Amino acid sequence: MEALQKILNSIRPLDEEAMEKARRRQAELAKPPGSLGRLEELSVQLAGITGRVHNGIEKPRLLVFSADNGVVREGVSSAPRSVTLRQTVNLTKGKTGAAVLCRQFGCGISVCDVGVNADIEEPAVINRKIAYGTDNIAEGPAMTREQALRAIRIGTELAMETKADALGVGEMGIGNTTTSSAVLAVLLDRDIELVTGRGGGLTDDAFTKKKAVIRQAIRVNRPNQNDVIDVLSKLGGYDLCAMCGAFLGGAASRRPVVIDGFISAVAALCACRLCPEVRGYLIPSHASFELGYRLAMEAMELEPIFHLDMRLGEGSGCPLAFQVLKAACAVINDMATFETAGINDGYLDEIRQGDAFTVKGSGDKWEN
């Protein structure tokens, strides 16, 4: 816990001075105030993260954490446990949805085994295995508190060691919508019905069983809502813990960290509960189709960039979000100002003083 506390203490608030400079720069660009919407907001947020008005996203990288979950023995997933192993390897070979998108947009991908229920011979998979999957949360804790802290540390260290100017956080683990729903239900004190979706697809009977299993897991383990590590160790997975750590590591190294879908959002929420300053470093990519995603976003007061009905996981939304971040950088870096464009911007004075949109940054909505 001492090592984790050191990381938490190192995470600083966004640089307000740099954000104000970025807002002033946006006001000077040859365009109506707020006309580039979220791109302007993101450029201000990036300035707060890095401390620089002018930024570039040249080497983004997706971090994918793989682990199996013992709760699959309860029949909560439509896919067999073996899919975790197969897709973990396929991620490194460019054969999965997230890997294809990474290749398409030229971003790197690192795949880390923190708890797959098999020995992986593929050298491209980073071996940080803690155990061969978690225990069944319907019968007892998923892992020990020490194992949860170790998984968080693995994610933190990988994020901080990765040479990239933006990070994305994804996962691969059959059964992890069940563990994530259980963690979210406890952290938000919400009914299981409100946070649990069908994951990769379930029949009505299997979906009913999934919700019953989550209720049983919470009843059996009695997690402490105010202790994130306790909740993760009793109901989570090694993948979820490592992802939480990656969000912490990204914030500690002052880089933007992109949230993928539902599971990634729950991990981000865990990171924010451990250190509220993490929120300023988060960039949500797509609005997940999973039921609990919206509640996780509301809890962090964040808004996704895309609404594409995606629900694959793996980090598949991150390569798309990286392109938007690149666009935000291009706008603030390369657009002409009113002065260099030879335009007298006096006609905007009344708009600026009245109902003009304000660029706020760090995930806040536009205000009239």
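The values are calculated or read from the model by the stated rules, or taken from the named source; none is laboratory data. Since the structure is predicted, the reported quantities are computational estimates derived from the model, not experimental observations. Please note: Cβ atoms are built from the backbone with ideal geometry, for glycine as well, and neighbour counts cover all protein chains shown. Calculation scope for accessible area: heavy atoms of the full protein, side chains included, ligands and nucleic acids excluded. Shrake-Rupley method; radii C 1.70, N 1.55, O 1.52, S 1.80 Å.
Can you give me the accessible area per residue for the chain, using a 1.4 Å probe, in Å²? Could the numbers behind the result be given before it?
Details: 15230 Å² over 368 residues.
The answer is 41 Å² per residue.
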Taking the Cα centre of the chain as origin and charging only Cβ (+1 Lys, Arg; -1 Asp, Glu), how large is the dipole, in debye to the nearest 20? 780
Would you mind estimating how fast the range 61-169 diffuses translationally, via Stokes-Einstein at 20 °C and 1.002 mPa s with the Kirkwood radius over Cα pairs, in µm²/s? 145
In 5 Å bins starting at 0, how do the alpha-carbon pair distances of the range 178-258 split up by percent? 3, 15, 23, 20, 17, 12, 7, 3, 1, 0
Residue-level accessible surface for K93, protein heavy atoms, 1.4 Å, Å²: 100
What is the spread of the Cα atoms of the range 111-163 along each of their three principal axes, largest first, in whole Å? 39, 25, 13
Residues with amide H under 5 Å from that of G315, placed H, sequence gap 5 or more: E171, G261
Show me, bin by bin at 10 Å from 0, the whole-percent P(r) of the range 1-75 based on Cα pairs. 15, 28, 25, 17, 11, 4
Principal-axis tilt of helix 176-188 within the chain, Cα atoms, nearest 10 degrees: 70
Taking every DSSP bridge whose two residues both lie in the chain, the antiparallel percent to the nearest 5 is 10
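Taking all protein chains as present, what is the carbon and sulfur share of the accessible area of the chain, in % to the nearest whole number, probe 1.4 Å?
Answer for the chain: carbon and sulfur cover 48 percent of the accessible area.
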To the nearest 500 deg cm²/dmol, what mean residue ellipticity at 222 nm is calculated for the chain from DSSP H runs of n ≥ 4 alone, each contributing -39,500 (n - 2.57), summed and divided by the residues? -14500 deg cm²/dmol
Can you compute the modelled spin-label distance between D204 and D119, with each label point 7 Å from Cα toward Cβ, in nm? 4.7
S78-D334 FRET efficiency (beta carbon distance; Förster radius 51 Å; 0.05 resolution): 0.60
Quick one: of K95/K211; K59/K93; K95/K326; K210/K234, which pairs are farther than 23 Å apart, Cα to Cα? K95/K211; K95/K326
Between 0 and 90 degrees, rounded to the nearest ten: what's the tilt of helix 204-221 against the longest Cα principal axis of the chain? 80
Between the helical axis of 16-28 and the dominant principal axis of the chain, each derived from Cα atoms, what acute angle in degrees is found, rounded to the nearest 10? 50
Starting from the exponent 0.38 and prefactor 2.2 Å, build the expected Rg for the chain from its residue count and divide its actual Cα Rg by it. 1.00
